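These notes concern the structure reproduced below.
The values are calculated or read from the model by the stated rules, or taken from the named source; none is laboratory data. Since the structure is predicted, the reported quantities are computational estimates derived from the model, not experimental observations. Cβ sites come from the backbone with ideal geometry, for glycine too, and all protein chains shown count toward neighbours.
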Amino acid sequence: MKYFDPIVTERYAQALFEVARRQGKLQVICDAINSLHGLESLSNKLSVFLDSPQISTEDKLALFEKSMRGRVDDLLVDFMDLLLRKQRIDHLRPIFKRYDVLVQEDQGLHAGTVNTAVPLDDAQKATLKESLERYMGKRLVVKWKVDPAVVGGVRFKSGDLLLDDTVQGKLQKLRERLEERLKQ
């Protein structure tokens, strides 16, 4: 797995966020980033191209400029151009992820992930989301995941907070307590 310097990621994401906010383009940039992510096969090919040491930075810039200018907001093109020039383009995905979090926080939203063993219907999702928002005192953007390893119950993670009310989690805690007692 590739290592991404969190300081670099934070600085560039924060810079993009500040400029986009100053220009009133927070959502425009979010939409452009999401459209780039939506083109995953293009995104993968672009990553291979941009990471290639055989292609000069000037050639990368020229091709990138030609293919993106006019299709994506100029601010984002200029930002990606800067990343290419500073040889930080490999940080693009983590920077985009962090930018998305900054925009959500700016809008008073906080991201969280709910894991369940089985899919929840819309009514169950709404009830659970409402309960979690009440518990946290924040508006949430929830990513729903189905994980059969959970066995039953719900696991919620948001930032450093982990609420684990799953069979898997309870079994793990029971195992840890038993191991502690056996050591005594």
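Step by step: first the residues of the range 20-33, then only those that are in a helix (DSSP H, G or I) and loosely packed, with under 15 Cβ neighbours inside 10 Å, then the one that is modelled with the lowest pLDDT. Which residue is that?
Selected residue: 31.
Look through 152, 70, 137, 108 and report the one residue that is more than 23 Å from the chain's Cα centre (by Cα), modelled with pLDDT of 85 or more and either under 30 Å from residue 32 (Cβ atoms) or surrounded by fewer than 18 Cβ atoms within 10 Å (Cβ to Cβ) (or both).
That would be 152, the only listed residue that is more than 23 Å from the chain's Cα centre (by Cα), modelled with pLDDT of 85 or more and either under 30 Å from residue 32 (Cβ atoms) or surrounded by fewer than 18 Cβ atoms within 10 Å (Cβ to Cβ) (or both).
Please work out if residue 58 is surrounded by 12 or more Cβ atoms within 10 Å (Cβ to Cβ), within 15 Å of residue 89 (Cβ to Cβ), assigned by TED's automatic domain parsing to the domain that holds residue 90 and modelled with pLDDT of 80 or more.
Judged against the criteria, residue 58 is not a match.
Give me a count of the residues in the range 73-89 that are crowded, with 16+ Cβ neighbours inside 10 Å and touching a residue at least 24 places away in the same chain (Cβ under 8 Å).
Residues meeting the conditions: 8.
Do we find a residue being part of a strand (DSSP E or B), outside the structural domain of residue 16 (by TED's automatic domain parsing) and at negative phi anywhere in the range 119-136?
Looking for residues that are part of a strand (DSSP E or B), outside the structural domain of residue 16 (by TED's automatic domain parsing) and at negative phi, one finds none in the range 119-136, hence no.
Tell me whether the range 103-110 contains one or more residues that are assigned to a strand (DSSP E or B) and in contact (Cβ under 8 Å) with a residue 12 or more places away in the chain.
yes
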